[in-house]
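What follows is one structure encoded as structure tokens, with my remarks underneath.
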Amino acid sequence: MSPSRHDAASATPALDLRTVSEAEFGDWLKAVSTGFLRPPVVGENDLVNRLANSDLARTQGVFDNGRCVATFRSFAQELTVVGGAAVPTSAVTNVTVSPTHRRRGLLSKMMANDLAAAKKRGEVAATLIAAEYPIYGRYGFGPATWTAEWEVDTGRSGLDPRWSGPQDGARIELADSEDVRKLGPDLFERFRAGQPGAVSRNARWWDLNTGAVRRDDQPWTEPFWAVYRSAAGEVEGLAAYHADETWTDAKQPLNTATVRGLLGLTPAAERALWHFICSVDWITKVRTGYRAPDDLLPLLLPDPRAARMVTHADFLWLRVLDVVRALEARTYASSGTLVLEVTDASGLASGRYRLDADASGAVCAPTAERADLALDVRELGTLYLGDESAVRLAALGLAAEETAGAAARADALLRTSRRAWCPDMF
């Protein structure tokens, strides 16, 4: 007698969501590659290096009959908030669901597990870089920083192509990767202390980005490194760039420099490094890489039209887990009181909170007072680093004024004079 439909269905193995063991990590990495449309193979070098730098207790997988079909990982991170404080966050990465297993709630289950664990650990927020815009709002994430990229026509820029360096006693030096591994971490720590939206870099970041550790799927090409030293000899800027080799049939150079990263602790350092790259012989175009949307670059050119914006998009997404600690960690542009009604479908951050802020700091606490501004936790994440306007969110129906003028008062408190920026993918 043939089995009934009910018997056949009950014999189908259930999907198994669990943390990944060391023995399963290679299959998990193959599933990550599958999700990101990369060849589903893992070299031994990558397996060893990535296993050594992954916390398996924070690495989830979904298995179907022994095959990994969904992946999720998080790791400890620090996020610089307005005013320079660094708050502990959970950085979410390697999120995939194989095309055979979509629309089954697998991401929702993994996300719920990870956010609950992050809240229990005492992390103030979760962060991620969204591959697709529509996915993460339903989990309480909002876009907190944006990014832009320009292409500069150096011949039209108006910069002096014969420029040979700063005239104030500062200087620019070429360096190699070994030098950068020594001086880069300290420079970046000083930089991120003043850049809302910046996230911490661990030792592995520096190893990967200076070629000390190589990934099988990302062949290493040594960049040119340029270091800016102040007149006092202090390292205050660093840039990395590649250049192609493109020449016309008439033997005229048409080379493009692509910037992999550029950090300046001062406007002088930033300006000097851009001028240096734009004046390198044979370079006719400069691709800036991802920059803050209000980067100095276009306006430091005598002809800003020489910088054509080629990318403008959301970048770092933020999900607040602890409203009180998040709002008390940052500083504020003015003095005032604001009562926020925060809706969070997961219950992790929902509630009504009174914020009292002034130049010396802020106090935030749950309250039963009438709310001034009502919003979802995802919109709180969007406003948190000062890059978005509560007035604009209210106009879009994404925040509701419960008292007249509340959105404008929120902007007076929360918004910043320069935009938040995250320089790093993760």
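The values are calculated or read from the model by the stated rules, or taken from the named source; none is laboratory data. Everything numeric in this text was worked out from a predicted model, so none of it was measured. Note: ideal-geometry Cβ built from the backbone for every residue, glycine included; neighbour counts use all protein chains shown. Accessible surface is based on the protein model in full, side chains and every heavy atom, while ligands, DNA and RNA are left aside. Shrake-Rupley method; radii C 1.70, N 1.55, O 1.52, S 1.80 Å.
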- Message: Six or more apart or on different chains, Cβ atoms under 6 Å: show the pairs whose first residue is in region 30-48 and open to solvent by 40 Å² or more (accessible area, probe 1.4 Å) and whose second is assigned to a loop (DSSP other than H, G, I, E, B).
- Response: K30/P40; K30/V42; T34/P40; T34/S98; N45/D216
- Considering region 96-116, residues that are touching a residue at least 24 places away in the same chain (Cβ under 8 Å), open to solvent by 40 Å² or more (accessible area, probe 1.4 Å) and charged (D, E, K, R), and then whichever is nearest to S346 (Cα to Cα), we arrive at K109
- Message: Looking only at residues that are crowded, with 17+ Cβ neighbours inside 10 Å and in contact (Cβ under 8 Å) with a residue 60 or more places away in the chain in region 181-193, which one is nearest to G84 (Cα to Cα)?
- Response: R192
- Item | strands (runs of 3 or more DSSP E) wholly inside region 154-267 containing at least 2 residues that are under 22 Å from the mean Cα position of the chain (by Cα) | 235-243, 255-264
- Message: Report every pair of residues separated by at least 6 positions or lying on different chains whose Cβ atoms are under 6 Å apart, first residue within region 117-146 and open to solvent by 40 Å² or more (accessible area, probe 1.4 Å), second of a type in the set (A, V, I, L, M).
- Response: K119/L321; K119/L348
- Item | Every pair of residues 6+ apart whose Cβ atoms lie under 6 Å, when the first sits in region 273-295 and is in contact (Cβ under 8 Å) with a residue 60 or more places away in the chain and more than 27 Å from A420 (Cα to Cα) while the second is open to solvent by 10 Å² or more (accessible area, probe 1.4 Å) and among the aromatic types (F, W, Y) | S279/W163
- Item | Identity of the residue in region 272-308, hydroxyl-bearing (S, T, Y) and over 27 Å from the mean Cα position of the chain (by Cα), that ends up least open to solvent (accessible area, probe 1.4 Å) | S279
- Query: Could you count how many residues in region 49-93 are of a type in the set (S, T, N, Q), buried (at least 22 other Cβ atoms within 10 Å of the Cβ) and within 19 Å of the chain's Cα centre (by Cα)?
  - Reply: 5
- Message: Among the residues of region 361-383, are any on the phi > 0 side of the Ramachandran plot and in a loop (DSSP other than H, G, I, E, B)?
- Response: no
- Can you confirm whether region 333-348 contains a residue that is of a type in the set (D, E, K, R) and buried (at least 20 other Cβ atoms within 10 Å of the Cβ)? no
- V87: passes all of (1) touching a helix residue (DSSP H, G or I) at 6+ places or on another chain (Cβ under 6 Å); (2) within 24 Å of D16 (Cα to Cα) but (2)
- Item | Residue in region 364-386 that is in contact with an Asp or Glu (Cβ under 8 Å, 6 or more places away or on another chain), over 27 Å from A193 (Cβ atoms) and surrounded by fewer than 15 Cβ atoms within 10 Å (Cβ to Cβ) present | yes
